[in-house]
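The structure appears right after this line, and notes come after that.
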Amino acid sequence: MKQTTLHPADRLRDSSNAMTPDPRTVTWAAPELPSLAAHHAGVSAIQISSAVPEPVAIQFENARNLYLYAWYVYRFYMPATAAALAALEFGLRERLRTTLPEKEQGKRLMLKRLLRLAVDQGLVKNEEFRRWRHAAQVNARERLSTESLKAMIDNKLDSVEYQIPEFLEVLPEDQQWDLAGGLPETLPTIRNELAHGSSMLTNHVLGTIELVAEILNQLYPGPLMTESADQLS
C-alpha cells in the first residue's frame, strides 16, 4: 500500500509556526494580497440577531471563528461552512418546534424539511435576503437598458441617452428569482457533501455563512448582536 505523505500545511502545526498564515492564503489570493484585517472584516460584517437563542448563537460564532482562523489553516473554510449549516439546522428546529404539522411532531426532521417548512410558513422570505434585493435591482437596470435600446431601434435613432433614476422602480418582473424556494435543495446539498466526507476545498464560503445569518435573523427578528471588545485576559 502506498504511503501517504501530507503537505506540511495539512499536518498538525508546530508550536513555532502555529500562528503563521497558511501558504495557500497568499498563493491562492487574487488580484491583491490579502490582509488579516480585511479577512476579519469580511466575516465580522455578518451579524445575527440578539434574539437568536444562545446555544444556536454559540454554534454560529464557532463558524465565524473557524472562518477567521482559516487565515492560518486553510482547510478550516470547510468546517466553518459545516458549523454554520449546523447552527442553521439547530435554529430551525428550535423555532419550528411548536409549529410543526401534527403528523411530524416528535420527529427529528432534517435540514431540507425544516427549510421547506420555514419557507412554506412564511418565516423565510425572498425580500429579506441582500442578494435577492441586489439581483432585483440589477434586473431593473437591465430592463431599462433594454427598453431604451428598443426605443432607439423602433424610432430609427443612431443613439439614445437614458439615466438610471436615483430611486429605481423595481417591478414584479424584476423579482422572478425564488431564492427562498431553492434553499431546501441547495443548502442541504452542501451540508451533506461536507458531513459525509469530502475533498471539497474553497475559500468562497462567506456567501453561505451570510445566507445562514439572514435566515436566522428572519426566524428570530431583533436587533443585531454587537461586537464586544476583546476581553480574553
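The values are calculated or read from the model by the stated rules, or taken from the named source; none is laboratory data. Keep in mind the model is a prediction, meaning the values are calculated, not measured. We place every Cβ from the backbone using ideal geometry, glycine too, and count neighbours over all the protein chains shown.
At-a-glance table
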quantity: Which numbered condition ILE58 misses (of (1) among the β-branched types (Val, Ile, Thr); (2) touching a residue at least 60 places away in the same chain (Cβ under 8 Å); (3) in a helix (DSSP H, G or I)); calculated: (2)
quantity: Condition check for GLY122: surrounded by fewer than 17 Cβ atoms within 10 Å (Cβ to Cβ), at pLDDT 95 or above and more than 15 Å from GLY182 (Cβ to Cβ); calculated: yes
quantity: Sole exception among (1) farther than 23 Å from PRO221 by Cα; (2) in contact with a helix residue (DSSP H, G or I) (Cβ under 9 Å, 6 or more places away or on another chain); (3) not in a loop (DSSP other than H, G, I, E, B) for PRO34, by number; calculated: (3)
quantity: Test for ALA83: is it surrounded by 20 or more Cβ atoms within 10 Å (Cβ to Cβ), under 17 Å from ASN192 (Cβ atoms), in contact (Cβ under 8 Å) with a residue 40 or more places away in the chain and among the aliphatic types (A, V, I, L, M); calculated: no
quantity: Selection count where residues are closer than 30 Å to THR186 by Cα and either at pLDDT 90 or above or charged (D, E, K, R) (or both), scope region 137-166; calculated: 3
quantity: Number of the exception - VAL52 against (1) more than 25 Å from LEU12 (Cα to Cα); (2) assigned to a helix (DSSP H, G or I); (3) not polar (S, T, N, Q); calculated: (2)
quantity: Index of the failed condition, ALA83 passing every other in (1) over 18 Å from MET225 (Cβ atoms); (2) among the small types (Gly, Ala, Ser); (3) in a helix (DSSP H, G or I); calculated: (1)
quantity: Options VAL26, VAL52, VAL56: the member that is under 23 Å from MET200 (Cα atoms) and β-branched (Val, Ile, Thr); calculated: VAL26
